[in-house]
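Contents: one structure, followed by commentary.
Read-outs: derived from the displayed coordinates by stated rules, not from any lab. None of these values were measured; they are calculated from a predicted model. A quick note on method: Cβ atoms are made from the backbone with ideal geometry, for glycine too, and the neighbour counts reach across all protein chains shown.
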Amino acid sequence: MTARTHDLVAFASLITVAVIFPPKNINVLTLVGAVLAADIGALIPDMDDGGNRLWHMLPAGEKTGRVLRNVFYKHRSFTHSVIGVYLIYRLFSWILPKFLNPAFINPNIILAALMIGYISHLLADALTEEGIPLLWPIKISFGFPPIRSWRIKTGRWFENFVIYPAIWIYLVWFIDLKKDTLILLLKSVGK
């Protein structure tokens, strides 16, 4: 999937999870941080690719990205696996409380949003021809549907003209369907 599709899938996933499991005592900074964290989480798995958008945002990121691309050898390595999910969760559950002041922003909600974005990325990539190496370093790719030729080709017409608009349609439909819950959630922000 392309970065813009991952961004939208992460946002749709965050909205869906927020309606199903509404956060308690969320403030504006945490809300904005959660949206940004979901987007960043959706891009983290592709950091094994030296051209990832996140590398361009970091100081000396492009050079670091090129070096790491040589370390990982190929795209979709450990960052697309169960080990990657665990390591990213552990890393950010350790880092976020050290950098975020809980008096202003809830690190647990930020961590949850980041992981929602990360996992949404893996689920979206499982729909592509390449699938994902869930059991990395074992070289087996998992995807849905199981027949590889039925899966999506990244960046091609089906993703751009069917999948991407379908996610927008889902998002508009879901927001309309759950607008009362979302309004209550937004009203509770800052209280």
Compute the signed sum of charges (Lys and Arg +1, Asp and Glu -1) over the other residues within less than 11 Å, Cβ to Cβ, of N160. +2
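Kindly identify region 3-188 as rounded, prolate or oblate by the Cα gyration tensor criterion: order the square roots of the eigenvalues as a ≥ b ≥ c, call it rounded if a/c is under 1.5, otherwise compare a/b with b/c, prolate if a/b is larger, else oblate.
Oblate, because a/c is 1.5 or more while a/b does not exceed b/c.
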Sequence-distant or interchain residues sharing an amide H contact under 5 Å with F142, placed H: which? I132, L134
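Among the lysines in region 3-188, how many pairs, 8 or more places apart or on different chains, have alpha carbons under 20 Å apart? Each step should come with its number before you reach the end.
Values: K24/K178; K24/K179; K24/K187; K63/K74; K74/K139; K74/K153; K178/K187; K179/K187.
Pairs that pass both the separation and distance tests number 8.
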Net lengthening on full extension, L29/N160 (0.36 nm per residue, minus Cα-Cα): 43.9 nm
For T2, other-chain or 5+-apart residues with amide H closer than 5 Å (H placed, Pro excluded) are G155
Label point 7 Å beyond Cα of T181 along Cβ direction - residues of region 1-33 with amide nitrogen under 16 Å: 12-24
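Starting with the highest mean, order 15-27, 117-129 by the number of other Cβ atoms within 10 Å, averaged over the residues of each peptide.
On the way: 15-27: 15.2, 117-129: 21.5.
The packing order, highest mean first, is 117-129, 15-27.
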So what are the ³J(HN,Hα) numbers for region 169-176, from phi and the Karplus equation (6.51, -1.76, 1.60; θ = phi - 60°), rounded to whole Hz, Gly and Pro as x? 4, 4, 4, 5, 4, 5, 5, 5
Suppose each label sits 7 Å from its Cα in the direction of the beta carbon; what would the W168-K153 distance come out to in nanometres? 2.3
Using Cβ contacts closer than 10 Å as the measure, can you line up S149, S188 from fewest to most? S149, S188
